[in-house]
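Just so it is clear, none of the values below were taken in a lab; they were calculated from the coordinates. Only a predicted model underlies this, so the values are computations on that prediction, with no experimental measurement involved. Cβ atoms come from the backbone with ideal geometry, glycine included; neighbour counts cover every protein chain shown.
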C-alpha cells in the first residue's frame, strides 16, 4: 500500500464515510470527511473494486466543517459526525436513507417524510457501553475495531451517567468484555458487566449510588442493588433488566411511539383487531397497543426481555407472548393479524421471518428499522410480496453518529 494519496470527496455514504476515487477509478471510503473536500489519505484496506483509507489531512475543507466538541473525535469510534453542524447531519441522514431505498430497495421516489430531530444533540444517551484497555482504562474501540482507545471525555451520555463513568476505577480485568451503564427514572442507575466467564469479578462500588449486574453465559447475576432500572415513556413505566434492549434516547422513543399511535387512528375497528408485535422486546410498543386492540401477540427471543414484557403488560388480559425467535413462531402462527409491527435488530428481518410475514398477509404493516441498508433489502421483498410503502419517517435517535432510525407504514394490495 502507498504511503499517502490525495482525493476529492464527492458524497457521504451510509456508515459515516465520505466517498472519493483513487487514480485507478476505484471507490475509496474515508471517515470524517465532507463532500467537496480535498483530503490526503492513507489506504488501510484494498479490495478489487474499492478501498478504505484513514484521513491524514484535510487540504481544502468544506465551508460547513466545524470543530468537533470531543478531543477523541477521529480516534475513538463512538462518533462519526461531530465535524458536521446538526442541521447538516439531519440533511445527510435524510439523503442517505433515500439513496439506500432507491439503490438497494429499487424504489422510485420513496415517500420519505422530513426527519424528526433529536431534542438533544449531545448528552442524550440513557445507556452507554464501554470497553477496557489492557491497563483497565475505560474507552471505545477505534473505527477499525481492533484497539480500545481510553477516553477522558464523552459527550453522548446523559449528565448523571457522564459523572458516574468517570468515577469507576477498574484494575486490568481481561475477563470483562464490556461495561455498560444505564440511567432510568430519578437517576436510577445500573452498572452492567459482560464477560464469557461465569465467575463474577470482584469490584468495590459500595460508595456509588448504583446497582451492579454481571452477564455471562451462565445468566444474569445481581451483585448489588436491583436487577432492573425503570424507564418512563409517555407516562408509562417500563422495567428493563440488565441485558434487555431499550431505546437509548428516551425522548426519541416517546416521539416514535406517538408517531405509531397517530398513524393507527385510521385503522377501522382496531378495538376488534389482532395486533402482532414481532421482536417486541420489553414491550415499548405493546404497552400502548394492547389497550387499543382486541388481542395482542408478542414475539421475543430474549428470556430477560420476556420477563420484563410480562411485568410491563401485567395489567392486560388480552396479551399473548411467545418466547422464541420470530422466524420460528411466524410460520406456525394460525391467526392472521390486522396489523403487524416489526422492530428487528440491525440485521433486519431474517429470511424465514419475512417469508412467514408475507404468508400471514396482515393488511397493515409497521416496520421500525435501525439500519437503512437492511430495511431497503427487506423493502424490496415486501414490495414483491404485495406490500406498498405509504410513508417512511426517519428519526434521529443517535445524533453525532451515522445511525438512522426510521418507521415505515405499509399496506397490502388494495386493502
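Brief remarks on what is shown
- Of 259, 50, the sequence from fewest to most neighbouring Cβ atoms within 10 angstrom is 50, 259.
- For the chain, the mean residue ellipticity at 222 nm estimated from helices alone is -6000 deg cm²/dmol, where every DSSP H run of n ≥ 4 contributes -39500 (n - 2.57) and the total is divided by all residues, rounded to the nearest 500.
- The ranking of 41, 115 from fewest to most other beta carbons within 10 Å of each one's beta carbon is 115, 41.
- Placing a pseudo-label 7 Å from each Cα along the Cα-to-Cβ vector at residue 218 and residue 295 gives an inter-label distance of 4.3 nm.
- Calculated on C-alpha atoms, the gyration radius of the stretch 67-174 divided by its Kirkwood radius gives an Rg/Rh of 1.07.
- Set the Cα radius of gyration of the stretch 308-415 against 2.2 N^0.38 Å, with N its number of residues, and you get 1.13.
- The stretch 264-340: relative contact order in percent, alpha carbon pairs under 8 Å with at least 6 residues between: 35
- Rough spin-label spacing in nm, given labels placed 7 Å along Cα→Cβ, for residue 133 and residue 237: 4.2
- Ranked list, fewest to most other Cβ atoms within 10 Å of each Cβ, for 137, 166, 93, 47: 47, 166, 137, 93
- Rounded to the nearest angstrom and listed largest first, the equivalent-ellipsoid semi-axes of the stretch 12-115 from its Cα gyration tensor are 23, 20, 12.
- Most fluctuating residue given options 334, 153, 320, as computed from a GNM of the chain linking Cα atoms under 10 Å: 334
- Scaling against 2.2 N^0.38 Å puts the C-alpha radius of gyration of the stretch 327-375 at 1.11.
- For the stretch 160-319, the calculated P(r), taken from all Cα-Cα distances in 10 Å bins from zero up to the bin holding the longest distance, is 10, 35, 30, 16, 7, 1 percent.
- Spatial separation of Cα centroids for the stretch 108-128 and the stretch 346-363, in angstrom: 25
- Residue among 22, 156, 276 with the largest mean-square fluctuation in a Gaussian network model of the chain, springs linking Cα atoms under 10 Å: 22
- Space enclosed by the convex hull of the alpha-carbon atoms of the stretch 5-65, per residue, Å³: 71
- Legend: calculated FRET efficiency, residue 226 to residue 144, from the Cβ-Cβ distance at R0 = 45 Å, rounded to 0.05, equals 0.75.
- Among 198, 227, 23, the residue with the largest mean-square fluctuation in a Gaussian network model of the chain, with springs joining Cα atoms closer than 10 Å, is 23.
- Gain upon complete extension [residue 185, residue 44; 0.36 nm per residue less C-alpha separation]: 46.4 nm
- Calculated Rg and Dmax of the Cα atoms in Å (choose from (i) 22.5, 67; (ii) 20.5, 68; (iii) 46.8, 164), label: (i)
- Length released on extending from residue 336 to residue 106, taking residue separation times 0.36 nm less the Cα-Cα span: 80.0 nm
- Evaluated at q = 0.15, 0.24, 0.30 Å⁻¹, the base-10 log of the normalised Debye intensity for the stretch 43-101, with identical point scatterers placed on the Cα atoms, takes the values -0.65, -1.16, -1.14.
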